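Any read-out appearing in this document is the output of simple, stated calculations on the displayed coordinates, not a laboratory observation. What you see is a predicted model, and the numbers here were worked out from it, not measured in a lab. Cβ sites come from the backbone with ideal geometry, for glycine too, and all protein chains shown count toward neighbours.
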Ligand code: UN1
């Protein structure tokens, strides 16, 4: 039962007001914002025009020219204040994420927590973005690196992480001295409006920072293309499908702009004979059906050792049959709705192709929720295969877990790596040999490789991203900040002579 005192539209508009979004922003026309919970219309927004996109980018560039001269620790103070606003507004923003993206409440909150964490990380980093000092081969010379900001960073984000992905990029870009222009998914524009309002609130708390350090564009691919093609945008971070990346990457390459790409994943996990099966079960289930299978890190392929296959798959089937599917606002729900009908249709087509290929499919059917007949709710699906099919090798953004049996470790690793994507991966084992082997050069070929943890739910402190068709980009922690800056190598001669490197002689007298 969906418990609503007011309609979702009223609740959403109240939340937007609470988060500081003016009514005029969500009472426009042209773009309809709906909730996947009921399919209900939440608000209407006016999309950006080509002229307004160009002027936003130009304004962001102007702001950059000023912002780059502000000391990095002061820039960090702005990001710290953004983190403070997010802490204060965690509940309403998390709830808005739930309403607009359909995530369960704890995941909606968790996403805002990711934003807070990256702000904390970036604020500390603002005092550490230093370069190396290196030995010069010449006497009385010093060689060092200086890191400078790059300019306007374009951020293109997807519906499934409607707020955190902006934060991973924006927090680092801002402390680096860059400015940000953000094009969120048109499916989740309301959460973006709320984030923009919180950002502006944080900026208003400092009287020495320029305006327009981060601005928002509203619209679809046509708006994103203007950002991708703008000569005033030296870096674009794009999160979405591999198909989107194939359009964006060459356009950026043609003008030598930097691309930070976080594209499709088709993440696998291996459950070994020695695995703690109860722990593995929890890890697999959260990774495979959490966020209704709509994370780029969702677990999609599972390789189970033949000696534990029957036991483990029986446990999985029990959980899959009983996991609570429904309104993501209810505390007991584990699986909320798919984002829309195209997502549901794509899932059904994928399951049908698997059936035709001889797979055993359990689940996957539509679940009708009494008060939300227009929502696309599904029972997560298990698809048992005897070989890795073309279907299993392609990413369907839905809760489908392909399950395969393996006999030898090498066979499991080979199947695991035999896909075009390379984002996240996991092994469940108690064997040091298998764990280390999975993390070694002969093991997982992904950007993320975990032991006794599922494929999703990475912490912000590490570099996040993957290889192959996942695009090669990295976001969030570690030394990812370098992508938002340019490195200058400086050599300083503090002597009276001019020795040349490599012993070259070029005497003019
Ligand atoms: C995504 O789905 O685009 O590791 C990002 C995770 C999250 C981020 C997912 N921290 O699952």
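Using Cα centres only, tell me the gap between region 178-221 and region 5-71 in whole Å.
8 Å
Given N residues in region 267-459, what is its alpha carbon radius of gyration divided by 2.2 N^0.38 Å?
Ratio of Rg to 2.2 N^0.38 Å for region 267-459: 0.98.
What order do you get for 256, 428, 26 when you list them from fewest to most C-beta neighbours inside 10 Å?
256, 26, 428
Give the distance, in whole Å, between the Cα centre of region 258-294 and the Cα centre of region 426-486.
Spelled out, the Cα-based centre of one part sits 12 Å from the other.
So for region 136-210, what are the equivalent ellipsoid semi-axes in whole Å, largest first, each being the square root of 5 times an eigenvalue of the Cα gyration tensor?
Output for region 136-210: semi-axes of 35, 17, 8 Å.
Using Cα-Cα distances under 8 Å and only pairs 6 or more residues apart, what relative contact order does region 350-454 have, in percent?
19 percent
Starting from the 7 Å offset along Cα-to-Cβ, what nm value, one decimal, do you get for the label separation of residue 211 and residue 490?
Taking the simple label geometry, residue 211 and residue 490 are separated by 3.4 nm.
How do 233-244, 441-452 rank on mean C-beta neighbours within 10 Å, highest first?
Going from most to least packed, we get 233-244, 441-452.
Run the helix sum for the chain: -39,500 (n - 2.57) per DSSP H stretch of 4+ residues, divided by residue count, reported at 222 nm to the nearest 500 deg cm²/dmol.
Calculated at 222 nm, the ellipticity per residue is -12500 deg cm²/dmol.
Take every Cα-Cα distance within region 230-319, group them into 10 Å bins from 0 onward, and report for each bin the whole-number percent of pairs it holds.
All Cα pairs, binned at 10 Å, distribute as 15, 34, 19, 17, 11, 3 percent.
Please order 61, 408 by the number of other Cβ within 10 Å, starting at the fewest.
408, 61
What percent do you get for the relative contact order of the chain when only Cα pairs under 8 Å and 6+ apart count?
18 percent
Can you put 332, 200 in order of Cβ neighbours within 10 angstrom, beginning with the fewest?
In increasing order of surrounding Cβ atoms, one gets 332, 200.
I want to check the label-to-label distance for residue 330 and residue 418. Put each point 7 Å from Cα in the C-beta direction and report it in nm to one decimal.
4.2 nm
Above 17 Å lies some portion of the pair distances; for region 388-467, what is it as a whole percent of all C-alpha pairs?
49 percent
For region 111-153, divide the Cα radius of gyration by the Kirkwood radius and give the resulting Rg/Rh value with two decimals.
Reported Rg/Rh (Cα atoms, Kirkwood Rh): 1.23.
Distance between Cα centroids, region 72-148 to region 297-334: provide it in whole Å.
34 Å
What is the angle, in °, between the Cα long axis of helix 105-125 and the longest principal axis of the Cα atoms in the chain? Nearest 10 is fine, range 0 to 90.
20 degrees
For region 102-254, what does the relative contact order come out to in percent, with C-alpha contacts under 8 Å and a separation of six or more?
24 percent
Relative to the compact globular guide of 2.2 N^0.38 Å, what is the alpha carbon radius of gyration of the chain, as a ratio?
Working it through for the chain, the quotient is 1.04.
Suppose the chain between residue 352 and residue 88 were pulled fully straight at 0.36 nm per residue; how much longer would it get relative to their current alpha carbon spacing?
Value of the extension gain: 90.4 nm.
To the nearest 10 degrees, how steeply does helix 8-18 sit against the main Cα axis of the chain, on a 0 to 90 scale?
Computed tilt is about 30 degrees.
Angle check, please: helix 72-88 long axis (alpha carbons) against the longest principal axis of the chain (alpha carbons), in degrees 0 to 90, nearest 10.
30 degrees
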